[in-house]
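Input: a single structure, listed below in C-alpha cells.
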Amino acid sequence: MNSPLRIVYMGNPDFAVRPLEIMLENNYNVVAVVTGQDKPAGRGKKMNESAVKVFAREKNLPILQPESLKDESFIQDLKDLHIDLIVVVAFKMLPKVVWQIPTIGTINIHASLLPQYRGAAPINWAIINGEKQTGVTSFIINEVIDTGNILLQKSVPIDEDETAGTLHDKLQESGSQLLLETLKLLESGEQKGISQNTLFIDEKDLKPAPKIFKQTCKINWDNTAKDVNNAIRGFSPYPGAWTILQKGDEKFVFKIFSAKIINESHSLQSGTIVLKNNTIQIAVRDGFISPIEIQIEGKKRMNIHDFTNGFSFANVIIAD
C-alpha cells in the first residue's frame, strides 16, 4: 500500500542513496529529488553528478538542481508540488523559506547521537575522538543547523579497528532504517519531538564535528599512539591522514590509511623513523605507529611491505 505522504528528498553523496532507496522500496511517494548542481572534477574537468542524482535518474524520479536554494523559481516549484514532508540526508543547510513549505515539516537524518557531533563530519570526528559508540538521529530542522527537536535515535557501536569508511556503511544502513521508523511516527501524527536542550547540561560538554580540511588531516607525531591511530582511522579511506617525508632535497606527501600500535618505550624524538625488516615504525610520545596501508602522492595505495620492496627508507625523515 502506498503512503499518502507527498515527499521531497534532498541529498548529495553516497550516504544519502540508501535512505532514498529504502523509501521507494517501502512505497513512499517521493515526488521530487533535490540535489547539488553538477561540478567539474578531475584533470579532464568532466562534469560530475552527485550519487543521489545518478540513483534518482535510474528510478525515473523528477530531479531539481537549483543554483540557489533561495531562487524564487525553485521555491515556487516546491510549492507547486503540494508536499507534506521534506527529508534531508547529507545535503546542505536549508533556508527557512524552504523548510517551512511542507505541511508536516522538514526532517533530517544525522550520523551521530545528537546533540553530540553537530556539523559536517560526525563520522570522522567520532573515531578521531576515540568514541566507542555513535549512532543516527532523526530530527526536525529549524533555524540553527543540527539543533532541532529529536524524533528518534539509534545507537551503533564503534569497533576497535573501525574506519570512517566502515562506520559510514554501518550508519548508512542504520540511518535508512531509522528513517522508515521516523516516517511511520510522523504518519501516526507525532510531530513534536524532544528538545536537544534537555539532553545536555552545558555547551562545553558538546563535541563538534566541523568540516575537514587538508591541514586537519596532518598527523601530529607528538600525540600518543592511540590518538595518532584514531586520527588515521578517522580519516580513512578519505581524505587520508598524512605527513611529509623528506629524502635529501625531495619532499612528498605520505598518506597512512591503516596502522598498528606498538607499545614500546623509547627515548627517540617524536616522528623518528625506525627501519624494521621491510617495514617501518614511527616514534610517537608513548610508543610507535607501524603503517600498514599507505600511499605516496601520485601513486596508488599499497601495503607497506610492497612499497618498501621498491623504496629505501634509509636517510628518510619526517619534515615539518
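Limited to the stretch 37-84, what total is found for residues that are aliphatic (A, V, I, L, M) and at pLDDT below 95?
Initial filter on the stretch 37-84 (aliphatic (A, V, I, L, M)): 41, 47, 51-52, 54, 56, 61, 63-64, 69, 75, 78, 81, 83.
Narrowing further to those that are at pLDDT below 95: 41, 47.
Selection size over the stretch 37-84: 2.
Take VAL89 and decide whether it is modelled with pLDDT of 95 or more, touching a Pro at 6+ places or on another chain (Cβ under 6 Å), surrounded by 12 or more Cβ atoms within 10 Å (Cβ to Cβ) and of a type in the set (A, V, I, L, M).
On the way: modelled with pLDDT of 95 or more: yes; touching a Pro at 6+ places or on another chain (Cβ under 6 Å): yes; surrounded by 12 or more Cβ atoms within 10 Å (Cβ to Cβ): yes; of a type in the set (A, V, I, L, M): yes.
Considered against the rule, which asks whether it is modelled with pLDDT of 95 or more, touching a Pro at 6+ places or on another chain (Cβ under 6 Å), surrounded by 12 or more Cβ atoms within 10 Å (Cβ to Cβ) and of a type in the set (A, V, I, L, M), VAL89 comes out as yes.
Report the residue count in the stretch 167-196 for those that are of a type outside the set (Val, Ile, Thr), over 13 Å from VAL136 (Cβ atoms) and without any contact (Cβ under 8 Å) to a residue 60 or more places away in the chain.
Going residue by residue through the stretch 167-196, those that are of a type outside the set (Val, Ile, Thr) are 167-181, 183-193, 195-196.
Then keep just the ones that are over 13 Å from VAL136 (Cβ atoms); that gives 183-193, 195-196.
Keeping just the survivors that are without any contact (Cβ under 8 Å) to a residue 60 or more places away in the chain gives 184-185, 188-190, 192-193, 195.
Within the stretch 167-196, residues that are of a type outside the set (Val, Ile, Thr), over 13 Å from VAL136 (Cβ atoms) and without any contact (Cβ under 8 Å) to a residue 60 or more places away in the chain number 8.
What single numbered condition from (1) outside any loop (DSSP other than H, G, I, E, B); (2) over 21 Å from the mean Cα position of the chain (by Cα) fails to hold for GLU143?
Result: GLU143 passes all but (1).
Applying the selection to the stretch 68-109, what residues are under 28 Å from the mean Cα position of the chain (by Cα), in a loop (DSSP other than H, G, I, E, B) and aliphatic (A, V, I, L, M)?
Listed by number, the residues that qualify are LEU69, ALA90, MET93, LEU94, ILE101, ILE104.
Please go through the stretch 210-254 and give me each residue that is part of a loop (DSSP other than H, G, I, E, B) and more than 21 Å from the chain's Cα centre (by Cα), ordered by number.
Passing the criteria: ASN220, TRP221, ASP222, ASN223, THR224, GLY248, ASP249.
Can you tell me which residues in the stretch 93-114 are surrounded by fewer than 23 Cβ atoms within 10 Å (Cβ to Cβ), farther than 18 Å from HIS168 by Cα and in contact (Cβ under 8 Å) with a residue 40 or more places away in the chain?
Within the stretch 93-114, MET93, LEU94, LYS96, TRP99, PRO102, ILE104, GLY105 meet the criteria.
Which one of MET10, MET23 is closer than 16 Å to VAL89 by Cβ, of a type outside the set (S, T, N, Q), in contact with a strand residue (DSSP E or B) (Cβ under 7 Å, 6 or more places away or on another chain) and not in a strand (DSSP E or B)? Can you show your working first?
Details: MET10 fails: not in a strand (DSSP E or B).
Answer to the check: MET23.
Quick one: which residue in SER176, SER138, SER112 is in contact with a helix residue (DSSP H, G or I) (Cβ under 8 Å, 6 or more places away or on another chain), part of a helix (DSSP H, G or I) and not assigned by TED's automatic domain parsing to the domain that holds ALA225? Break it down into steps so the answer makes sense when it comes.
Details: SER138 fails: part of a helix (DSSP H, G or I); SER112 fails: part of a helix (DSSP H, G or I).
Answer to the selection: SER176.
Can LYS154 be described as in the same structural domain as VAL33 (by TED's automatic domain parsing), more than 12 Å from the chain's Cα centre (by Cα), of a type in the set (D, E, K, R) and closer than 21 Å to LEU206 by Cα? So that I can check it myself, show each step before the final result.
Values: in the same structural domain as VAL33 (by TED's automatic domain parsing): yes; more than 12 Å from the chain's Cα centre (by Cα): yes; of a type in the set (D, E, K, R): yes; closer than 21 Å to LEU206 by Cα: yes.
Judged against the criteria, LYS154 is a match.
Could you run through the stretch 273-292 and say how many residues are without any contact (Cβ under 8 Å) to a residue 40 or more places away in the chain and either surrounded by 15 or more Cβ atoms within 10 Å (Cβ to Cβ) or among the β-branched types (Val, Ile, Thr) (or both)?
Going through the stretch 273-292, the residues without any contact (Cβ under 8 Å) to a residue 40 or more places away in the chain turn out to be 274-281, 290-292.
Next, from what is left, pick out any that are either surrounded by 15 or more Cβ atoms within 10 Å (Cβ to Cβ) or among the β-branched types (Val, Ile, Thr) (or both): 274, 279-281, 290-292.
Residues that pass the stated criteria total 7.
Cβ-Cβ below 7 Å, separation at least six or inter-chain, first residue in the stretch 296-320 and under 22 Å from GLN215 (Cα atoms) and acidic (Asp, Glu), second modelled with pLDDT of 90 or more and surrounded by 10 or more Cβ atoms within 10 Å (Cβ to Cβ): which pairs?
GLU297/PHE252; GLU297/VAL253
In the stretch 255-320, which strands (runs of 3 or more DSSP E) lie fully inside it and hold 2 or more residues that are closer than 25 Å to GLY165 by Cβ? Even if it seems obvious, please write down each step before you answer.
Details: elements: 273-276, 279-284, 287-296, 316-319.
Passing ranges, in order: 279-284, 287-296.
The values are calculated or read from the model by the stated rules, or taken from the named source; none is laboratory data. Quick caveat: nothing in here was measured; it's all calculated off a predicted structure. No Cβ is skipped: glycine too gets one built from the backbone with ideal geometry, and neighbour counts run over all protein chains shown.
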